[in-house]
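Just below is one structure, and these are the notes that go with it.
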Amino acid sequence: MKLGGVLNHRLSMVIAEMGHTDGLTVADAGLPVPLDVERIDLAVSPGVPSFAQVLEAIASELKVEEIVLAREAFDLNPELLRTIERYYPGVPTTAVPHVEFKELTGSTRAVIRSGECAPYANCILRSGVIF
């Protein structure tokens, strides 16, 4: 048994398979998931697990070089920005309109669905390299 980090076997596998610039979407409970993208549903009930809890677990295992957010989050969910900065300090962010963000999820390796119910609590993590 793993000692810590990501215990969900599928999420752990997706992270291990990621290469440079691959995307991984961390989503709230309401973000639509494209039919051709793998959905890893961690949601148990509203708020469980939270976006922050999922991001914290992923941060322990995935090197990230860029984070993509919906531009609307800056006004409607400033807590999201503080959460991202806590787990990925100094990582550059790119803001796009929410409609474009949803389109970008279609090119990510998977969408990780949390139980988060705050507006625009979504991001795309772009994998970096460790060398």
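No value in this document is a laboratory result; all are computed from the given coordinates. Since we're looking at a predicted model, the values are computed, not measured. Backbone-built Cβ (ideal geometry, glycine too); neighbour counts: all protein chains shown.
Return the loop-located GluC sites (Glu not before Pro) in segment 40-69 (DSSP other than H, G, I, E, B) with at most 16 other Cβ atoms within 10 Å of their own Cβ; answer none if there are none.
Filter output for segment 40-69: E61.
Report D for the chain in µm² per second (integer): Stokes-Einstein, Kirkwood Rh on Cα pairs, 37 °C, 0.692 mPa s.
The Stokes-Einstein estimate is 226 µm²/s.
In a Debye calculation with equal point scatterers on the alpha-carbon sites of segment 64-113 and no solvent, what is log10 I(q)/I(0) at q = 0.13, 0.31 Å⁻¹?
-0.31, -1.26
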